[in-house]
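A short reminder: the numbers here are calculations on the coordinates, not readings from a lab. Note that this is a predicted model, so its numbers are computed, not measured. Every residue, glycine as well, gets a Cβ built from its backbone with ideal geometry; the counts of neighbours run over all protein chains shown.
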2 protein chains.
Amino acid sequence: MGEGGVYVEFSIGIGVSARHLHLCQKDMAKLFGPGAILHIKKSISQPGQFAAEEQVTLLTEKGRMMKLRVIGPLRKETQIELSLTDARSVGLMPPIRSSGDVLGTPGGVLIGPAGQANLERGIIVAARHLHLCPETAAKYGLSDGEVVSMRTKGERETVFYNVVVRTGERHADECHIDTDEANAGGLSSGDTVIIIT
Amino acid sequence: MGEGGVYVEFSIGIGVSARHLHLCQKDMAKLFGPGAILHIKKSISQPGQFAAEEQVTLLTEKGRMMKLRVIGPLRKETQIELSLTDARSVGLMPPIRSSGDVLGTPGGVLIGPAGQANLERGIIVAARHLHLCPETAAKYGLSDGEVVSMRTKGERETVFYNVVVRTGERHADECHIDTDEANAGGLSSGDTVIIIT
């Protein structure tokens, strides 16, 4: 609920996250060799972040997922973000988590051109979330960690609840959903949705 | 809206439809040989329908989908039901349609053990729909073709709009969604949802 106990609605663009991963420095070296760095393929909406040229393979007990793209820059801990459809296709049922919350999540083996990294944990299905720059968050009375809803229009009109607000200096306005959510709602990146606080 | 202009809510179980196809007699013969019949692997919720032992491969210009299961009995026209995730993986963007409404939909090539069938049309993404037996439909004042909403609970709480009511003698109470919708809502077959008329 927004400032003053009033429900607020506003429009925002969505970004559809396909499966991807973030690497820590140590796993980067194991997969791409000592001293290897990420190469920018394309900037993405969140400031400073980019899709890298680098791709790896994820090996689980029940399957293999090729060409999993690295999103840079490097992070403190390696994290793999799959849709539930992706996860099931390699025999996994990861929990739905916010980015960075990897305690107790399943792991797997990553294979890169220079070697492999055995992960004890790090595979999540990303909770749908709303990135807001500090100005927009202030305008609508929203804080980091708060939960809002997202309403879509069209043939597959849907309201998604439990959308987690992420705000701070490194955030730009965009609502992120995964490919299952996008397909369920008939949505593509750049479509506009309504946020209900 | 239900009888007397009043909104009604009631619980119902869901069935998650994975990709599958229905075959006409002519395509059955092309794929499995003259005189071939379907063999029941498992009954499904709708009266008289069953998952068959028979599977085929779908070939499109951009990909191949193996082990697509036939749902029996045979129908007037062949129809392939994919999720948008499935469809995109073989380069297709079929429209969202109710079962049987295949005019102007994409086609492809089906390959079976005895031969192939070239389809000019028939690939759809199934519109979410609510099967109701005549007694339940009457109880809640709902008619065939009417549109209701479906509310889920849980971490991925969602309201899906535009759920089409299908009712008649050959229907049993169950709300059908595809794997994208199930995964977006964190749902499995047998879970209970709320229908809002």
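Distance between the C-alpha centres of segment A:80-114 and segment B:173-197: 24 Å, rounded to the whole angstrom. Using just the helices of chain A, give the 222 nm mean residue ellipticity in deg cm²/dmol: DSSP H runs with n ≥ 4 each add -39,500 (n - 2.57), and the total is spread over all residues, rounded to 500. Taking each H run of at least 4 residues, the total per residue is -3500 deg cm²/dmol.
By its C-alpha gyration tensor, with a ≥ b ≥ c as the square roots of the eigenvalues, how is segment A:17-68 shaped: rounded for a/c under 1.5, else prolate for a/b larger than b/c, else oblate? Judged from the Cα gyration tensor, segment A:17-68 comes out oblate (a/c at least 1.5, b/c at or above a/b). The overall shape of segment B:150-197, judged from the alpha-carbon gyration tensor, is prolate: a/c is not under 1.5, and a/b is greater than b/c. Assuming a ≥ b ≥ c are the square roots of the Cα gyration tensor eigenvalues, decide whether segment B:117-197 counts as rounded (a/c under 1.5), prolate (otherwise, with a/b larger than b/c) or oblate. Verdict is oblate for segment B:117-197. Per residue of peptide B:88-96, the mean number of Cβ atoms on other chains within 10 Å of the residue Cβ is 1. From a point 7 Å beyond the Cα of A:R88 in the direction of its Cβ, which residues of segment A:160-180 have a backbone N at a distance under 16 Å? Inside the label zone: A:178-180.
Straight-line cross-link reach from B:K153 at under 23 Å between alpha-carbon atoms covers these lysines, not counting any fewer than eight positions away in the same chain: A:K153. For segment A:1-87, the set of GluC sites (Glu not before Pro) satisfying both a DSSP loop assignment and a count of at most 11 other C-beta atoms within 10 Å is given as A:E61. If you plug the beta carbon distance of B:V109 and B:Y7 into 1/(1 + (r/R0)^6) with R0 = 45 Å, you get a FRET efficiency near 0.45. For the protein assembly as shown, the Kirkwood hydrodynamic radius from C-alpha pairs, put into Stokes-Einstein at 25 °C and a viscosity of 0.890 mPa s, yields a diffusion coefficient of 107 µm² per second. With the label put 7 angstrom out from Cα along the Cα-to-Cβ vector, B:G168 ends up 5.7 nm from the copy partners, going from closest to farthest.
Look at the stretch A:156-167: the mean tally of other chain Cβ atoms within 10 Å of its residues' Cβ atoms is 5. Across identical copies of the chain, A:E61 has label-point separations of 4.3 nm, listed in ascending order, with the point defined 7 angstrom from Cα along Cα→Cβ.
Each DSSP beta bridge with both residues in chain A is either parallel or antiparallel, and the antiparallel ones are about 70%. With the convex hull of its Cα atoms as the shape, chain B has an orientation-averaged projected area of 11.0 nm².
Beta bridges assigned by DSSP with both partners in the protein assembly as shown are antiparallel in approximately 70 percent of cases. For segment A:1-116, taking the reciprocal of the average inverse distance between every pair of different Cα atoms yields a Kirkwood hydrodynamic radius of 15.8 Å. With the label put 7 angstrom out from Cα along the Cα-to-Cβ vector, A:I37 ends up 7.0 nm from the copy partners, going from closest to farthest. Across segment A:55-117, Cα-Cα pairs farther apart than 13 Å form 64% of the total.
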